[in-house]
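This report refers to the structure that appears directly beneath it.
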Amino acid sequence: MLFRSIIARELAAKRFSLVTFYVRRIRRIFPALIVVLGAVLVLGWLWLLPAPYAALSSDVAASAAFSANIALMFQSGYFDIEAAKKPLLHLWSLGIEEQFYLAWPLILMLAVRLRLSLLWVAAAIGVASFVANVMLIGSDPIATFYLPFTRAWELAVGAVLACAWSRLDQGVAASNIRAAVGLVLIGASLALLNVHRAFPGWWALLPVAGSALLLSAPAAWGNRVLLGSWPAVSIGWISYPLYLWHWPLLVLFAAIKF
């Protein structure tokens, strides 16, 4: 959500630069990603058989091009056994995020030129993407899971929140209510979502809406005292490298064990 709020703020101040934006993204994403991809190639060469290593090399190339989601869509289902053995399976989400950010600044720049409300543009894109997600989840759940068009609404929710930030009631009482409802929705998603649910579909509303409500309430007690504490903030600072490393290490160590 931070980058979405930066775009909206810089566009409003008429100082947004597309080149500067993409440079920021590259500096934030690429260094840690390249290290992980290189390490996975080395570890895979040491521990994997030729056929799995060839598949891994293809996945590395797709991940470096931020198209892991498209490559995985044509390979297998997300929750099947073979997919669970892919060291770079988790990078589907990074692919969707970066594909979104390739298009998003251009859309907002066009909206500003046409004098359209950024909030309503973000909301319209989010609704269209969510409708596509609901319509396709029954007939093609794998494509719905991996395609950026059917997952963009989840990112658009953050864009709507960023654009509407100044309009939110940031009082303690209102923040506590939003945070409490958000926690309930997140808890419900933890209890109800499993491999037998068609996801994203309607079910994705639970964690997405819950997260948005929680993020919208910085003045809430839980956000200030718990999520704003030093341990929680420290985990947040290293969340990106943790995300990059956790799955390759789990998969490759399992390959060694078995």
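The values are calculated or read from the model by the stated rules, or taken from the named source; none is laboratory data. Keep in mind that what you see is a predicted model, and the values were worked out from it rather than measured. So basically every Cβ, Gly included, is an ideal-geometry build from the backbone, and we count neighbours across all protein chains shown. Surface accessibility is based on the protein's heavy atoms, side chains included, excluding ligands, DNA and RNA. Shrake-Rupley method; radii C 1.70, N 1.55, O 1.52, S 1.80 Å.
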Original post:
Taking the alpha-carbon centroid of each part, what is the distance from region 202-226 to region 84-104 in angstrom?
Top reply: 23 Å
Original post:
Taking a probe of 1.4 angstrom, what is the accessible area of Ser129 in Å², to the nearest 10?
Top reply: 10 Å²
Original post:
Which semi-axis lengths, in whole Å and largest first, follow from the square roots of five times the eigenvalues of the Cα gyration tensor of the chain?
Top reply: 32, 22, 20
Original post:
Which shape class applies to region 185-258: rounded if a/c is under 1.5, otherwise prolate when a/b exceeds b/c and oblate if not, where a ≥ b ≥ c are the square roots of the Cα gyration tensor eigenvalues?
Top reply: oblate
Original post:
Whats the longest run of the chain with zero trypsin sites (Lys or Arg not before Pro) that are DSSP loop and have at most 11 other Cβ atoms within 10 Å?
Top reply: 116-258
Original post:
So what is the 222 nm mean residue ellipticity for the chain from helices alone, if each DSSP H run of at least 4 adds -39500 (n - 2.57) and you divide by all residues, rounding to the nearest 500 deg cm²/dmol?
Top reply: -23500 deg cm²/dmol
**OP:** Take the solvent-accessible surface of the protein heavy atoms, probe 1.4 Å, and return the percent of it on the chain that carbon and sulfur atoms account for.
**Re:** 74 percent
Original post:
For the chain, what relative contact order do you get, as a whole percent, if you take Cα pairs closer than 8 Å and at least 6 residues apart?
Top reply: 22 percent
Subject >> the chain: angle of helix 92-113 to the longest principal axis, Cα-based, in degrees nearest 10 >> reply: 30 degrees
**OP:** Would you mind working out the accessible area per residue for the chain, using a 1.4 Å probe, and quoting it in Å²?
**Re:** 55 Å²
